[in-house]
Amino acid sequence: MKLSVPLRRVFDYPIADILANLPDTASAVWEADRNRQKNFEVQKDTRTILFKWLDNVWTPGMTPEIDDYDYAPPELIRAVHSYADALADQFPSGRVVKLFLTELKAGGVIQPHTDKAAALHAVHRCHLPIVTTDQVDFFIERVPYHLEAGVAYEFDNTRFHAVRNRGDQNRVHLICDIMPESIASQTQSELQAGM
């Protein structure tokens, strides 16, 4: 979603329950869904654990069809959903349409890009760093930012952004997209009428 600033701090969030239940890097849970990596070249150095997913083919006027995933350990699912509920309280007129953990391997890069799909522009895209170091650079319009673990951030994903992990530890973020209800509930006829 277009913001007046590239990045804004939303709130601090205790991540101990997520960390305690995070599968280790050798776990097959990280390999259960590779579609994001296959479909988006910039994500080739990442792995994902899905909890909720709205397909990027969604456009305004379509009913959001959100898939729920339950292949992660139950304790992790509960911890992740608790965060999503707390974040949704910050955007009370919206609904969670994507929720996933993403791991960027040590030495990995997410090349500069902008999120193109309407499903990505119509949401508040929020990152909660779970595992990170000062060796991870999150660039927005070529400006490096350090996102602290345990802090939820909203960022303007319509701007060019990239990530570089210069460290020897995998970086893990929990990403949550919240779509304003005013967008999610619009019908095609309302859009055409200019509502």
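The values are calculated or read from the model by the stated rules, or taken from the named source; none is laboratory data. The shown structure was predicted, so the numbers you read here are calculated from the model rather than taken from an experiment. In this analysis, Cβ positions are derived from the backbone assuming ideal geometry, glycine residues included, and neighbour counts consider all displayed protein chains.
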Condition first: aromatic (Phe, Trp, Tyr) and in a strand (DSSP E or B). Now tell me which residues in the stretch 50-65 satisfy that.
PHE51, TRP53
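What number of residues within the stretch 165-181 satisfy the criterion of being polar (S, T, N, Q) and either crowded, with 24+ Cβ neighbours inside 10 Å or assigned to a strand (DSSP E or B) (or both)?
Step one: list which residues in the stretch 165-181 are polar (S, T, N, Q), which gives 165, 169-170.
With either crowded, with 24+ Cβ neighbours inside 10 Å or assigned to a strand (DSSP E or B) (or both) added as a condition, the list becomes 165.
The total comes to 1.
Among residues belonging to the stretch 66-102 that are in a loop (DSSP other than H, G, I, E, B) and touching a strand residue (DSSP E or B) at 6+ places or on another chain (Cβ under 7 Å), point out the one that is surrounded by the most Cβ atoms within 10 Å (Cβ to Cβ).
Initially, the stretch 66-102 is screened for residues in a loop (DSSP other than H, G, I, E, B), giving 69-73, 91-93.
Applying the additional criterion that residues be touching a strand residue (DSSP E or B) at 6+ places or on another chain (Cβ under 7 Å) yields 69, 72, 91, 93.
Details: TYR69: 15, ALA72: 23, PHE91: 19, SER93: 12.
Only one residue tops the list, namely ALA72.
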Within the stretch 89-96, is even one residue within 24 Å of PHE138 (Cβ to Cβ) and touching a His at 6+ places or on another chain (Cβ under 6 Å)?
yes
Restricting the stretch 1-28 to residues that are at pLDDT 95 or above and in a helix (DSSP H, G or I), which is surrounded by the most Cβ atoms within 10 Å (Cβ to Cβ)?
ILE18
Scan (1) assigned to a strand (DSSP E or B); (2) loosely packed, with under 15 Cβ neighbours inside 10 Å for the single condition ILE130 breaks and write down its number.
(2)
